[in-house]
Amino acid sequence: MAGLTPEVVKRVEELAKLCAQRGSSLGLAESCTGGLLSSWICAYPGASAFYRGGVVCYSANVKSDVLLVPETLLKAHGEVSLPVAKAMALGAREALQVTWAVSITGVAGPSGGTQTKPVGFVCFAVVGPGFEEATQHVFPVSGGRQEIQRQAALFAFDLLLNAIR
């Protein structure tokens with residue numbers, strides 16, 4: 001898995017093992033990370049045994065049209081919110097017909113932040129059999145856009161692994 005850091009390789013290997021043990025499949029809905037988490041998983045030889053695909057849903061239209069996020073949620077809470085993250089994960093699980101789905105939506109910057117949702121603010125959701133969890137985190141902006149994306153993808157990966165374990 002050339003080009004991946006040891007911390008990513010370790011997570012992908014554990015994910016592959018857990019999915020194999022449980023017969024689980026995975027799908028993603030990524031907004032602010034732009035498919036970064038998906039690319040890490042796809043770098044793993046044999047990922048097709050558990051990874052079904054992902055939706056890079058950068059715009060509200062894709063969130064609503066492809067993932068079926070209700071427009072009422074988008075209008076009431078904004079694209080970067082816990083209710084939308086949860087709806088994205090549920091929509092990905094349904095659209096991709098997977099056991100587990102993870103969503104990531106946030107403000108990677110350098111612009112676009114507000115007082116209530118600053119640059120670095122990211123919402124996540126993980127859904128699976130009898131499991132639904134949504135959480136948010138604010139990542140430091142000091143590393144810039146790509147570092148926020150990297151940290152968000154790692155955070156989502158850890159949420160998923162903890163849920164499957």
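What follows is calculated from the coordinates using simple rules that are stated; it is not laboratory data. Please read all numbers here as calculations on a predicted model, not as lab measurements. Methodologically, a virtual Cβ is constructed for each residue, glycine included, from the backbone with ideal geometry; neighbour enumeration extends over all protein chains shown.
General remarks:
- Considering residues of the stretch 59-75 that are surrounded by fewer than 16 Cβ atoms within 10 Å (Cβ to Cβ) and among the polar types (S, T, N, Q) only, the residue nearest to Cys32 (Cα to Cα): Ser59
- Whichever residue in the stretch 96-149 is assigned to a strand (DSSP E or B) and aromatic (Phe, Trp, Tyr) and, among such residues, is nearest to Ser64 (Cα to Cα): Phe124
- Set Gly3, Gly27: member being at positive phi and not in a helix (DSSP H, G or I): Gly3
- Looking across the stretch 11-48, the residues that are closer than 25 Å to Ala60 by Cα and among the polar types (S, T, N, Q) come down to Ser31, Thr33, Ser38, Ser39.
- Matching residues, the stretch 93-135, being farther than 26 Å from Ala49 by Cβ and under 12 Å from the mean Cα position of the chain (by Cα): Thr105, Gly106, Val122, Cys123, Ala134, Thr135
- The condition of being touching a residue at least 40 places away in the same chain (Cβ under 8 Å), crowded, with 20+ Cβ neighbours inside 10 Å and under 13 Å from Leu160 (Cα atoms) does not hold for Leu18.
- Being crowded, with 24+ Cβ neighbours inside 10 Å, hydrophobic (A, V, I, L, M, F, W, C) and touching a Gly at 6+ places or on another chain (Cβ under 8 Å) is a description that applies to Ala92.
- Boolean, Val56 is surrounded by fewer than 23 Cβ atoms within 10 Å (Cβ to Cβ) and farther than 21 Å from Ala163 by Cα: yes
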